Amino acid sequence: MTASHTQGANPLQALAAVQQSPWLDFIRRSFVEDGSLARLVQTDDVRGVTSNPAIFQKAMGEGTEYDAQIKSVLAQEIVSPGTLYEKLAVQDIKTAAHVLAPVYEQTKRRDGFVSLEVSPYLARDEKGTAHEAARLWADVAEPNLMIKIPATPESIPAIRETIAAGINVNVTLIFALSAYKAVVDAWLSGLEDLHKKGGDLSGVASVASFFVSRIDGKIDAEIDRRVKAGDKNADGLQALRGKVAIANAKLAYVYWQEIIQTPRWKALAAAGAQPQRLLWASTGTKDKAYSDVLYVDNLIGPHTVNTLPPATMDAFRDHGTVKETLGTGIDAARHVLAEAERFGLNLEGVTKILVDEGVASFEEAFDGLLGSVAAKQKTLLTDKLTDIKTALPEKLEKAVQDGLDDWRKNGTIRKLWNKDASVWTGGEEAKWLKWLDTVDERLAHVAELESFQAEVKARGFKQVLLMGMGGSSLGPEVLAETFGKHEGFGHLYVLDSTDPQQVATYAKKIDPANTLFIVASKSGGTLEPNIMLAYFHDLAKKALGEKVGSHFVAITDPGSKLEALAKKEGFWKIFAGEPQIGGRYSVLSNFGLVPAAASGIPVKLFLEDALRGVRMSDASVPPAQNPGVLLGTILGVAATQFGHDKLTVIATPQIADFGAWLEQLVAESTGKHGKGIIPIDEETLGGPKRYGTDRLFVYLRLAPEHRHEQDEAIATLIDAGQPVVTITLHSKRQIAQEFFRWELATAVAGAFLGIDPFDQPDVEASKVETRKLTDAYNKTGKLPAEQPFAEHGPFAFFADKTNAAALKGDSAEAILKAHFDRVKAGDYVALLAYIERDTATREWIQHTRLKIRDTKTVATAAEFGPRFLHSTGQAYKGGPNTGVFLQITADDAHDLPVPGENYSFGVVKAAQARGDFDVLAERGRRALRVHIRGSLKDGLAELAKAVHQAV
Ligand SMILES: O=C(CO)[C@@H](O)[C@H](O)[C@H](O)[C@H](O)COP(=O)(O)O
Ligand SMILES: O=C[C@H](O)COP(=O)(O)O
């Protein structure tokens, strides 16, 4: 097969006679499959193939030739674009390796190689590179594979390790003689290591890829710049144009010749090792003024390789000259380099820059490649993935693109997935990132959840009552509200209140003898779930007697007090939380999945939906295509650079409860140290005039149930220039994907804000104040006295001194007016109601907030206490001081005792409201508390009237 005669041979074929091997610097599926590569091998004696990220980008980035394999992979697996790319690349490399196998055999393992490069993202990561080299070697599993490793200083030890593992290595991105020397040493050392281990040296091939034309590209540009600037050495400089790269290469060859004479090498050769050959890469001519075969004709010498891009190969076949040129003109080459130095052309500096640029350009190509694969994957998966569409004003759009590009250039998404706290503040963040892995981890243990589900079904519970707060309740609430009741399973109720009326209502909803009780608390020490547990355990015990424990399940982090209690009380099951996942990030861990299983949601399908989201947002997906990073960048940039910090959530009603979970995630994660994004949930959509310039709208659109009017209203906002992000879900179950997207997006937004998104420094403050009050109650039997600063009708008004001084007025309306007159553009108003949350009160609060929004043109939040304390409460106290708060408390018509405590539910709720208010006041917030005496219904009606008049 190899051309053995030069007579009548074309220049490519003739290279064999001078012992240089032409390799092809190109690969693509159709080219291998249609026999083109085989033809080159058979006809032109081409003896190898090199690939690199730029080559794969061109191959896979366009067209449809990879679609069949992509479809077949996607039909079987949920993969990331990174994994998908690798499957495509490995198949190409394997097929090419098969085409070249006969060459490999005939040349006795000297030629016939196909090169596959380790990820350029690992170019500065010694361990990562060595690990990836071994992984790719095992994946491709072809003896004539060469793993390409860049010659960065960090990769040199990885080259040694890889050679020592018996893997063929193509060391790439070599520009400087000094780097080449380090490569040679690593190669020799690797062989020596292998020899010591008793390995077979004869099977380990290596090439050192010396890049040529890029050197001239840089040096020539510098020459041109200096000549143009009138340099006094203009003639001398001009004479060096197009000469430095070849001179540099020739001296590398001289060094190679010296090496193979050394005793060090000879000992290895005697043990059967093959020499590492120099390979000329980057041999396509870039400057049209030069011959198109400049970097082939002038680099011909025995025991070398030249890898040629297709056009250069065609040119050389057509008019190349086969003559040994490499070993000649060495003095002239030295002279060229000496002259370059004399004129200050700084070859050493240029080669360093070229390594950095080489890595960066392969990273960029890889980003492009993975971006194209991700886009293709997205298209082919059609409605299996949620979609995101953005309509942003021009300047915001540009800033978002810049933000995304920054993340891309700095590889920040990879750092994030690597759990590198420097993405945020360099603090404790790394300890809170297990949510990145939880979907994979839970899927691996899904059988445990499925068998729990089967047992729950078999036991025929009529209701499931989950008790918890914030991160332990909002995810389950979304599941309950979104999916409703499942056939064969009890209805899932979620209780997250200390309001006695609310607790009583839930007690009426259930039949304790037929209810499964789930108490969920990560810490196990949160007041609310503990007293709810005390209450319902007592209630259930009355119905179930000694077997009460068999109706209780706990979800809590290992070692918590709740775990101990659950064991003591003989709970049916205890499910462990993951301590490295914070509450608001826990929905895809047991905190969401156990209630999901108990209520009949198909857990595996749910997790698989989530996994699609995880894979599409993983480290391999560049920021612009990465759903989580894209959204997070928009949130972060809009809030920090454009004042669009009121994240206004609009949703198709069937999935609207998602906003309650999202509120907590965003507010608690970002609202601290005076910064933050304020989520605005459930605020009925209005016309453009209702909004200021501080909004960012997110429209969660459930395609099968979408409402035309909602689409229209959103379109009107876009037309009015409001920034809108539309996320389309094709099924309800895709909220699983959105859970993950928003978790990642919030973490990303946190990076833009420069805060630690995983702590909640101000939530604790209210808890401390509440504890003080309940402790005082336990001692004295009453809460410390407090004095209203005004009383009008059923209302008593409370405030700290500063707020009270600003709120003078001789009627309820006047006080409220004074309060709301403090609202200015860019502020938000939050109504914080410590009352039962039911249909009537939700309508009341909605009506009242809309009145305020529509008259003041500010964002409004409508929250119920104490649930919001574990959610938006963090941002209200720790976020930007733009909130104006009206806290609403009321006499409890009926109270409920807390078993085992002196205090009642009513006392706890009152203490929580006061604790919260004290902290708001202490943080200098504009806050007013109105307490309703007597009938709540009448009091709310009057308050609504007073607010209407006040605004
Ligand atoms: O495999 C190798 C070198 O081992 C080649 O694919 C190498 O990456 C290419 O020759 C160069 O990247 C091409 O460089 P250039 O022509 O873009 O300057
Ligand atoms: O968001 C978390 C809540 O503060 C409840 O915390 P927990 O799960 O430790 O009870």
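Quick rundown of the values:
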item	result
The range 775-950 - share of DSSP beta bridges that are antiparallel (%, nearest 5)	30 percent
Span-like helix ranges in the chain, DSSP H, alpha carbon extent 27 angstrom or more, Kyte mean at least -1.0	81-106, 177-196, 347-380
Within straight-line cross-link reach of Lys434, aspartates and glutamates at Cα separation under 15 Å, skipping those fewer than 8 residues along the same chain	Asp420, Asp557, Glu578, Asp618, Glu743, Asp759
Accessible area of Phe740 in the full protein assembly, 1.4 Å probe (Å², nearest 10)	0 Å²
Cross-link pairs Lys398/Lys672; Lys419/Lys767; Lys808/Lys877; Lys127/Lys419 - those with Cα-Cα distance over 20 Å	Lys398/Lys672; Lys419/Lys767; Lys808/Lys877
Helix-only [θ]222 nm of the chain, DSSP H runs n ≥ 4, -39500 (n - 2.57) each, per residue, nearest 500	-15500 deg cm²/dmol
Cβ-Cβ FRET estimate between His445 and Gln91, R0 fixed at 30 Å, reported to 0.05	0.40
Average Cα contact separation per residue, the range 775-950, under 8 Å, 6 or more apart, as relative contact order %	31 percent
Charge sum, other residues only, whose C-beta stays under 11 Å from Asp193's C-beta, Lys/Arg counted +1 and Asp/Glu -1	+1
Most to least accessible of His195, His673 (protein chains only, probe 1.4 Å)	His673, His195
Sequence-distant residues sharing a close amide H with Thr860 (under 5 Å, placed H)	Val829
With every protein chain in place, the chain: carbon and sulfur % of accessible area (1.4 Å)	51 percent
Binned Cα-Cα distances of the range 619-716, short to long, each 5 Å bin given as a whole percent	3, 12, 20, 22, 22, 15, 5, 2, 0
Dipole moment magnitude, nearest 20 debye, the range 11-358 about Cα centre, only Lys, Arg, Asp, Glu C-beta charged	560 debye
Net charge of neighbours whose Cβ lies under 10 Å from the Cβ of Asp420, counting Lys and Arg as +1 and Asp and Glu as -1	+2
Solvent-accessible heavy-atom area per residue, rounded to whole Å², over the range 36-193 at 1.4 Å	34 Å²
Centre separation in Å (Cα based) which lies between the range 185-218 and the range 761-825	75 Å
Taking the range 435-608 and dividing mean pair separation by its residue count, relative contact order in percent (alpha carbons under 8 Å, at least six apart)	32 percent
Unit charges at the beta carbon, dipole of the chain: most positive-side option, Thr50, Ser935, Gln453	Ser935
Inter-site label distance for Ala75 and His673 at 7 Å from Cα along Cβ, in nm	5.1 nm
Sorted largest first, extent of the range 775-950 alpha carbons per principal axis (Å)	49, 33, 31
Heavy atoms of Trp572 accessible to a 1.4 Å probe, total area in Å² rounded to 10	60 Å²
Cα-Cα P(r), the range 353-436, percent of pairs per 10 Å interval	14, 29, 41, 16, 0
Signed unit charges on C-beta, dipole axis of the chain, positive-most listed residue Ala338, Ile70, Val90	Ala338
Segment Lys937-Ala289, length gained on full extension (0.36 nm per residue, minus Cα span)	224.5 nm
Sites matching GluC sites (Glu not before Pro) across the range 18-127 that sit in DSSP coil, with at most 13 neighbouring C-beta atoms within 10 Å	Glu62, Glu77
Size of electric dipole in the chain: Cβ of Lys, Arg +1 and of Asp, Glu -1, about Cα centre, debye, nearest 20	660 debye
For the range 671-712 and the range 265-290, distance of Cα centres in Å	61 Å
Nonlocal amide H pairs with Leu465, under 5 Å, H built at 1.01 Å	Tyr493, Leu516, Phe517, Ile518
Inter-label distance for Arg135 and Thr64, nm, one decimal - labels placed 7 Å from Cα along Cα-to-Cβ	3.3 nm
Residue pairs, from the table Lys646/Lys817; Lys604/Lys732; Lys58/Lys378; Lys415/Lys675, whose Cα atoms sit over 22 Å apart	Lys646/Lys817; Lys415/Lys675
Global form of the range 435-608, assessed from the alpha-carbon gyration tensor, a/c cut-off 1.5	rounded
Full-extension gain in nm, Asn514 to Thr83, via 0.36 nm per residue minus C-alpha separation	150.4 nm
Formal net charge of residues neighbouring Tyr104 (Cβ-Cβ distance under 15 Å; K, R +1; D, E -1)	+2
Leu279 long-range amide H proximity, modeled H, under 5 Å	Ala208, Ser209, Phe210, Val305
Whole-angstrom gap from the range 847-879 to the range 611-625, using each part's C-alpha centre	33 Å
Total charge dipole magnitude, the range 579-700, about the Cα centre, Cβ charges on Lys, Arg, Asp, Glu only, Debye to nearest 20	200 debye
Segment Ser422-Lys323, length gained on full extension (0.36 nm per residue, minus Cα span)	30.1 nm
Within the range 261-353, trypsin sites (Lys or Arg not before Pro) in DSSP loop having at most 15 other beta-carbon neighbours inside 10 Å	Lys286, Lys288, Lys323
Bins of 10 Å from zero: percent of alpha-carbon pairs in the chain	2, 11, 18, 18, 15, 12, 10, 8, 5, 2, 0, 0
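The values are calculated or read from the model by the stated rules, or taken from the named source; none is laboratory data. These figures come from a predicted structure and were not determined experimentally. We place every Cβ from the backbone using ideal geometry, glycine too, and count neighbours over all the protein chains shown. With ligands, DNA and RNA removed, areas are computed over all heavy atoms of the protein, side chains included. Shrake-Rupley method; radii C 1.70, N 1.55, O 1.52, S 1.80 Å.
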